[in-house]
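I have placed the structure first, in the form of structure tokens, so that the comments after it can refer back to it.
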Amino acid sequence: MVAQSLNNLAVLYATQGRHTDAEPLYKRSLAIREKALGLDHPDVANSLNNLAELYRNQGRYADAEPLYKRSLAIYEKVLGPDHPDVAQSLSNLASLYARQARYADALPIIKRTITNRQSKKATAFPVLIGSEQSRLIDQKQSFADSYNVLQFTSSSAAAEAVTKLAQRFAAGTSELATLVRKDQDLSAENEKSDKAIIAAVSKAPSERNQAAENQFRKRLADIKIERDQIQSVLSQKFPDYVALSKPQPLTLQDTQKLLADDEAVVAFDIDEKNSYAWVVTRTDGFWSEIPTATKVLNEQVQQLRQSLASKIGKPYDAALAHKIYEETFRPIAAKLSGKKRLSIVANGALTSIPFGVLVTSDPSDKSLKDTDWLIKSYAVTVIPSIYSLKTMRAQGSASSAAKPMIAFADPVFSKAARKEAKVQQVALRSLPSLYQGSQIDIKALGEMLPPLPGTRKEVQAIAKGLGVGSTDIKLGLDATETVVKQSKLDQYKIVYFATHGLVSGELEKFSKVKAEPALVLTIPDNPTELDDGLLQASEVSQLKLNADWVVLSACNTASADAVGAEALSGLARAFLYAGARSLIVSHWEVDDQVTANLMTKIFLLMKDNPKLSHGEALQQAMLAIIESANLGSRESRGLAQPQAQEDAAFHPRLWAPFVVVGEPAKQQ
């Protein structure tokens, strides 16, 4: 207890930068633990690591190195070479070497963690970049390793958004359900055995049972083999499920086989200190560090979103949009030369804006009409993960469904609020208070959410343009979770939801409760498991779709001041798994008339030219909206009309809220 108290106080001092106060406390805690527990105890390793961290932060690298090595040796001896604590120790030691540019020492460590799929990207990426620059590895190997790390670290983070999926799949009786249940059982046993071995090796030396410890280690090794075998079967027989729940890394060659000559995959990883971008084309693979970081980009995107989501006509900051482009796309722009279509995977603040609103050249002295928007250069599709490209490209390129569209709009969140004409602004910052664990107070949520009467007009206008009958437009009290689940959705080419979305990750606090992402439909008076008003990602995955498009209109209207989310990763994966070829999602509250016009254009473009990719259909529809604003402004104003009025017609708030998420292979 004394050693732990000393360690805790030392951690506090170290956090405050009081290194001279922390050092003697760490040393005293270490000495107590060595004397009481022996030299090979996990708590001793922890004390060694803490002291080494202190020295590293002080720049005392020669003092830190032997402590890191000793801590690593203890963890390996008592926990085994593949334990997560060993991986963390390896990462710490590699980071120390990277700070000293000792890449020859750091690279073998990172290679080991990559093999075990335990790399920490904050350490692995700088080491791989540094090793390439030091000519310890070539660009091809550097790319391959970094591309691998990018994918398995990203999938681990996104997995939180779909934590309930396995539970729903395991409830069935199919071969898939059996495999999922078996993997769940092994996962639980692995966690139990891991805790048991830590408890066993943490006993006093005289109380330890080496035979029992070895038995735990053997069982952990056997569990790993069994789970790897299950994963292999899942990957071969149920690739869609793997893409949904546990995306696997694709190699450069795997990715290139999925691409046409005119397209590229672009991936961004934004981190607190270093950020990177990857480009894969049919003939090349390239990655580079990019000059931005989490804090800076969050501030920039938040500022940009304020003008995009604002209803008060705030001018668009084209200069800032160009700056963001320069810090993200410019380092890889040469590799995109000649490409017309981009499939983009991103994290952090880049998930909070549509890429089309970025500006590719200096906008100084240009009107918004003449601005070089990125959407003019590329048709853009967002993809939930690189692996999802594989499953999407395996689909047929067009739906065989007979009916044009089914839509769910203007749901009733609170009958009392609607009757009393209450119009409240949803405050996402207060959403976490509605949760107890991962369970939300449905009634309180309904009273908080503002109604969306404009969505009724939106879907009615689109239905008119597409010749959709009124029976396929579910409005108000008919826009329920029950109706969604009971409808034969696979008969429709377009499945349209115009409502609010709750997206895990939109705010830090909301993300911490690991709430499952969901669409909010009409909230029933007596919520049940079948219908509580929330169509969650795990429920979406159980739907049967055969849709060219799933539209999630206005699903991000509540995130105006939130950046840095994984946005719709959970919902997108679930809809794609259920049979959607593409999703269209919005980033802010939309204009009803412009949205109806945009959506109708997209769907008619695809009908008239099935060889368009889905990203190209959105691009052409947006450019048509911009051009119609151009014509409208010319007709409605004289030459002396103020520039501000002209720019208002071209403001991306009107034409740019939507992005395409995922798309099948383009028809040739």
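Tell me whether region 2-9 contains one or more residues that are touching a residue at least 40 places away in the same chain (Cβ under 8 Å), farther than 22 Å from L93 by Cα and either in contact with an Asp or Glu (Cβ under 8 Å, 6 or more places away or on another chain) or in a helix (DSSP H, G or I) (or both). Yes, the conditions are met somewhere in region 2-9. Scanning region 240-258 for residues that are part of a helix (DSSP H, G or I), under 16 Å from G662 (Cα atoms) and touching a Ser or Thr at 6+ places or on another chain (Cβ under 6 Å) turns up D240, A243. Could you go through region 121-128 and let me know if any residue there is under 24 Å from A196 (Cα atoms) and not assigned by TED's automatic domain parsing to the domain that holds F268. Checked against the condition, which is being under 24 Å from A196 (Cα atoms) and not assigned by TED's automatic domain parsing to the domain that holds F268, region 121-128 yields no hits at all. The conditions of being at pLDDT 95 or above and among the hydrophobic types (A, V, I, L, M, F, W, C) are met by A334. Taking the conditions (1) touching a residue at least 12 places away in the same chain (Cβ under 8 Å); (2) within 19 Å of Q118 (Cα to Cα) in turn, V265 satisfies each one other than (2).
The C-beta contact set for region 122-136 (first residue outside any loop (DSSP other than H, G, I, E, B), second residue at pLDDT 95 or above and aromatic (F, W, Y), distance under 7 angstrom, 6+ apart or interchain) comprises F125/Y276; V127/Y103; G130/Y103; S131/Y103.
Criterion applied to A309, A379, A346, A401 was being over 25 Å from I270 (Cβ atoms) and small (G, A, S), and the one residue passing it is A401.
Screening region 284-324 for residues that are among the small types (G, A, S), out of contact with any His (no Cβ under 9 Å at 6 or more places or on another chain) and assigned to a helix (DSSP H, G or I) and picking the one that is surrounded by the fewest Cβ atoms within 10 Å (Cβ to Cβ) gives A319.
Can you tell me which residue among D271, D262 is surrounded by fewer than 18 Cβ atoms within 10 Å (Cβ to Cβ), acidic (D, E) and within 21 Å of the chain's Cα centre (by Cα)? Reasoning before the result, please.
Details: D262 fails: within 21 Å of the chain's Cα centre (by Cα).
Sole residue among the options that is surrounded by fewer than 18 Cβ atoms within 10 Å (Cβ to Cβ), acidic (D, E) and within 21 Å of the chain's Cα centre (by Cα): D271.
Report yes if A87 is modelled with pLDDT of 95 or more and of a type in the set (A, V, I, L, M), otherwise no. When the stated conditions are applied, A87 does not pass them. Filtering F355, F329 for residues that are more than 18 Å from G615 (Cα to Cα) and under 20 Å from the mean Cα position of the chain (by Cα) leaves a single hit, F329. Here the condition is being farther than 30 Å from A243 by Cα and of a type in the set (K, R); of K335, K390, K376, K340, it holds for K376 alone. Does region 83-104 include one or more residues that are among the small types (G, A, S), under 24 Å from I198 (Cβ atoms) and over 33 Å from the mean Cα position of the chain (by Cα)? No, because not a single residue in region 83-104 is among the small types (G, A, S), under 24 Å from I198 (Cβ atoms) and over 33 Å from the mean Cα position of the chain (by Cα).
The residues of region 451-464 that are of a type outside the set (K, R) and either surrounded by 16 or more Cβ atoms within 10 Å (Cβ to Cβ) or outside the structural domain of V495 (by TED's automatic domain parsing) (or both), listed by number, are P451, L452, G454, T455, E458, V459, Q460, A461, I462, A463. The number of residues in region 503-538 that are at pLDDT 90 or above and not hydrophobic (A, V, I, L, M, F, W, C) comes to 5.
Filtered by the rule that a residue be under 28 Å from L489 (Cα atoms) and part of a helix (DSSP H, G or I), region 355-395 gives I386, Y387, S388, L389, K390, T391, M392, R393. Hey, can you tell me all the residues within region 463-491 that are of a type in the set (A, V, I, L, M, F, W, C) and touching a strand residue (DSSP E or B) at 6+ places or on another chain (Cβ under 7 Å)? A463, L466, V468, I473, L475, A479, V483, V484, L489 - these are the residues of region 463-491 that are of a type in the set (A, V, I, L, M, F, W, C) and touching a strand residue (DSSP E or B) at 6+ places or on another chain (Cβ under 7 Å). Of the residues examined, S155 is one that is buried (at least 18 other Cβ atoms within 10 Å of the Cβ), modelled with pLDDT under 80 and small (G, A, S).
Please indicate, with yes or no, whether at least one residue in region 221-240 is among the hydroxyl-bearing types (S, T, Y) and touching a residue at least 24 places away in the same chain (Cβ under 8 Å).
We begin by selecting, within region 221-240, every residue among the hydroxyl-bearing types (S, T, Y); these are 232, 235.
The next check asks that each one be touching a residue at least 24 places away in the same chain (Cβ under 8 Å); those that pass are none.
No, the conditions are met nowhere in region 221-240.
Take the conditions (1) more than 27 Å from A394 (Cβ to Cβ); (2) touching a Ser or Thr at 6+ places or on another chain (Cβ under 8 Å); (3) in contact (Cβ under 8 Å) with a residue 40 or more places away in the chain; N274 misses just one of them, which is (2).
Any idea which residue in region 41-88 is surrounded by the fewest Cβ atoms within 10 Å (Cβ to Cβ), counting only those that are of a type in the set (D, E) and farther than 21 Å from A101 by Cβ? Reasoning before the result, please.
Here is the first cut: in region 41-88, the residues of a type in the set (D, E) are 43, 53, 63, 65, 76, 82, 85.
Remaining after also requiring farther than 21 Å from A101 by Cβ: 43, 76, 82, 85.
Values: D43: 20, E76: 17, D82: 15, D85: 21.
Among them, the one singled out is D82.
Would a scan of region 33-40 turn up a residue that is part of a helix (DSSP H, G or I), at negative phi, assigned by TED's automatic domain parsing to the domain that holds L136 and buried (at least 21 other Cβ atoms within 10 Å of the Cβ)? Taking every residue of region 33-40 in turn, at least one turns out to be part of a helix (DSSP H, G or I), at negative phi, assigned by TED's automatic domain parsing to the domain that holds L136 and buried (at least 21 other Cβ atoms within 10 Å of the Cβ).
Quick grid of which residues meet (1) modelled with pLDDT of 60 or more; (2) part of a strand (DSSP E or B):
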site	(1), (2)
S397	yes, no
A401	yes, no
I406	yes, yes
R429	no, no
S433	no, no
L452	yes, no
R456	yes, no
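The values are calculated or read from the model by the stated rules, or taken from the named source; none is laboratory data. Owing to the predicted nature of the structure, the values given are computational and were not obtained by experimental measurement. Cβ: placed from backbone, ideal geometry, glycine included. Neighbour counts: every protein chain shown.
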